[in-house]
Amino acid sequence: MADDALVIFTPSGKRGRVARGTSVLQAARQLGVDLDSVCGGRGICSKCQVQPGLGEFPKHGVTVAPDALSPINAVEERYDRVRGLKPGRRLGCQACIQGDVVLDVPPESQVHRQVIRKSASERVMVMDPASRACFVDVTQPDMHEPSGDFQRLSEALEKQWGIKGLQADLAVLRGLQPALRKGGWSVTAAVHDDGTGAAPRLVALYPGLREAPLYGLAIDLGSTTIAGHLVDLTDGAVLASSGLMNPQIRFGEDLMSRVSYVMMNPGGDVEMTAAVRAALADLAAALAEEAGVDAAGITEACVVCNPVMHHLLLGIDPVELGQAPFALATGAALNLAAAEIGLGSIAPAARAYILPLIAGHVGADAAAVALSEAPETRPDLSLIVDVGTNAEIILGNNQRVLACSSPTGPAFEGAQISSGQRAAPGAIERIEIDLQTKEPRFRIIGNDHWSDDPAFGTPAITGICGSGIIEAVAEMRMAGIVDASGLIGAAEQVGTPRCVATGRTHEYVIHDASPDGPRITVTQGDIRAIQLAKSALYAGARLLMDEMGVDRVDRVVLAGAFGAHISPKHAMVLGMIPDAPLSAVTSAGNAAGTGARMALCSVTARRAIEAQVHNIHKVETAIEPRFQEHFVAANALPHATDPFPELAKIVTLPDVSFNTGGSGEGGGRRRRRG
């Protein structure tokens, strides 16, 4: 009988000959098979389970005998008795190969398993995280062979896990000796390998076998809001999501106003850096509390942000980004200690990864959108619009990808709106206006019923969020309350007392619970803020289309915090996006956040986007004369010159004009566009 045996692993199809008596786990490692293990082959973690085949396998040209694996041993019997093994399953670290065998590695035993995540987006999430947990036995100290505890831990990890050249920061070294002694010289090491060839790093150490998974933070650091997800690094599951307002908003509502603050206030950048880092620490604590996990188990973070936020987070003066040629201090992806960006309350030596920036005004958030949506893999022409205070716009296909940023301001996020607020319970998020009576009905966050439904009840209505104000303005245009130039008509012009004079202009009352409750209106100033924001958005998209030499796109993807909540019809009525069949307009939700999660879960995804950013051509809106031309024409609702034939198929916009001055105190006045 030969001294070796043929082993075939499915579904990978990898095969090879190994010495008889070799454990299945050892064979998997020799052949490069994706078989998980945390306990290092002690039969404790059960992550190396396999399903052996039996009988003939003509496809593989092998017959598997009943004794192809060693008999079930005491370790497996105990595990099955205490925790249970599925019928036929074996522990790969205990079962030894005695003859030719076919072994199936189930999905839960694969390190880089693919998990379909439905909560945030429909996609296959490939798990290939930089952090992994390794259970290891460390030799106790010996007076006759003096060496440091860290050196013996490093030797154990190299011997038992093949991890060479381990490095450790002082933050984790401080807790090294207590962890080793509390665990009886058996510990779980969280090791971070970023896949760049740099030395692996010890980011945390836990006494004994850590049963809980390692966690990561995916953070989308926006100009107005900061969104975060706490992710299980075992399967990519989102355990908690939360958001907060960016505290830097008190220094300026948009990016350029914050750069101006730094220019006019020495040390202003230091103030803003401290504020945003404190916010990240608060967000991390809130996410850990919501998920009910120990923050010490959070071993890494992935952050995406625009260039100004990027520089301020890192403590880099952003002044150069406020003037041509908008030079970045660095646009490369960064791997650094999480504590350096304010995340010192998680694992003691946790790491942070910041995606690469595309250009001076097109940041890591745009790179994350590109990673999430991958327009370079599609033959059709995609327009991807990530709406926020600073909109990121990507246009491309498998031939060419373009990108630009457009300064839309915070109106889309509810800021600069008279009754605006962030998306929170009580905020109006949906609205419909009857075309005949001009009466509104609405839905608020936290209530599934419309306001004219008796089941709506008497909840606390607090304001209107970004998606709500967009729908409100679009509905007002469709109902003839607002004309194409953006003017609100007087009550007698429109035919509803809900249009109320306010000086020389008018406002439309959506809800009035005064004096004890809120009075929620859409003012002429609100309309103007939305016009300016949507005009910047449309002009940026149109500029990319000019550069590409096209007048139409095949599909439009709305991304960003409000992208999942605004209907394509309302976006088209406003002229936020170019005309397209409504069926071709879809939502990607927070695509930047999704890209951040992808990079958090996979070092392969990091390498992919680092390579892709070099292939994206950046168009600078600030120096393009055509941007201003498109901007002025886009002030009209939906547009002054571009035809919208697809929109006309589903909506007939009233041909009204309030430019000539209405009767009454609040009569409209002639206004210039632009």
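The values are calculated or read from the model by the stated rules, or taken from the named source; none is laboratory data. The structure presented is a predicted model; accordingly, all values stated were derived computationally and were not measured. Note that we place each Cβ from the backbone using ideal geometry, even for glycine, and neighbour counts take in every protein chain shown. Ligands, DNA and RNA are excluded from the accessible area calculation, which covers all protein heavy atoms including side chains. Shrake-Rupley method; radii C 1.70, N 1.55, O 1.52, S 1.80 Å.
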What's the magnitude of the charge dipole for the stretch 479-547 around its Cα centre, counting Lys and Arg as +1 and Asp and Glu as -1 at the beta-carbon? Answer in Debye, nearest 20. 60
What ranking, highest mean first, results for peptides 242-248, 547-553, 384-390 when packing means the other Cβ atoms within 10 Å averaged over each residue? 384-390, 242-248, 547-553
Post the alpha-carbon centroid distance, the stretch 234-278 to the stretch 43-100, in whole angstrom. 54
If we restrict to alpha carbons, what Rg and Dmax does the stretch 482-638 come to, in Å? 19.9, 63
Beta carbons within 10 angstrom, averaged per residue: use that to sort the peptides 344-353, 48-57, highest first. 344-353, 48-57
Averaged across orientations, what area in nm² does the convex hull of the alpha carbons in the stretch 411-455 project? 3.8
Cysteines of the chain without any disulfide-compatible partner (other Cys Cβ under 4.7 Å) are CYS48, CYS93, CYS96, CYS134, CYS302, CYS305, CYS404, CYS465, CYS499, CYS601
Where does the stretch 371-482 land on Rg(C-alpha)/(2.2 N^0.38 Å)? 1.35
The percentage of the accessible area of the chain (probe 1.4 Å, all protein chains present) made up of carbon and sulfur atoms, to the nearest whole number, is 51
Suppose we keep just the alpha-carbon trace of the chain; what are its Rg and Dmax in angstrom? 29.5, 105
Only Lys, Arg (+1) and Asp, Glu (-1) charged, at Cβ; the stretch 154-243 dipole about Cα centre in debye: 420
Can you tally the net charge around GLU320? Count Lys and Arg as +1, Asp and Glu as -1, for every other residue whose Cβ sits under 14 Å from the Cβ of GLU320. -1
What does the extension gain come out to for GLN436 and ARG250, with contour length at 0.36 nm per residue minus their alpha carbon separation? 62.7 nm
Along principal axes, largest first, the alpha-carbon spread of the stretch 431-548 in whole Å comes out as 52, 34, 26
Measure off 7 Å from each Cα along the Cα-to-Cβ vector at GLU629 and VAL550, then give the distance between these two points in nanometres to one decimal. 2.1
How large is Rg over Rh for the stretch 224-378, taking Rg from the Cα atoms and Rh as the Kirkwood inverse mean of 1/r across Cα pairs? 0.98
Rounded tilt (10° steps) of 603-612 against the dominant C-alpha axis of the chain: 50
Listed residues HIS310, HIS630 arranged by accessible area, highest first, probe 1.4 Å: HIS630, HIS310
Inter-probe distance in nm under a simple model that places probes 7 Å from Cα toward Cβ, at MET264 and ARG81: 7.7
Give the angle, between 0 and 90 degrees and rounded to the nearest 10, that separates the Cα long axis of helix 591-601 from the longest principal axis of the Cα atoms of the chain. 10
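Please work out the average accessible area per residue across the chain, using the 1.4 Å probe convention, and give it in Å².
40
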How large is the Rg to Rh ratio of the stretch 245-298 when both quantities use alpha carbon positions and Rh follows Kirkwood? 1.16
Of the options ILE520, GLY503, GLY208, report the single residue whose Cα projects farthest towards the positive end of the charge dipole of the chain (beta-carbon charges: Lys, Arg +1; Asp, Glu -1). GLY208
Debye calculation, C-alpha points only, no solvent: report log10 I(q)/I(0) for the stretch 592-657 at q = 0.19, 0.23, 0.24 Å⁻¹, in the same order as the q values. -0.83, -0.96, -1.00
So how do 594-603, 632-641, 221-230 stack up, highest first, on mean other-Cβ count within 10 Å? 594-603, 221-230, 632-641
Mean residue ellipticity at 222 nm from the helices of the chain, using -39,500 (n - 2.57) per DSSP H segment of n ≥ 4 over the full residue count, to the nearest 500 deg cm²/dmol? -8000 deg cm²/dmol
Relative to the chain, whose Cα atoms define the longest principal axis, helix 524-548 and its Cα axis are tilted in degrees, nearest 10, by 60
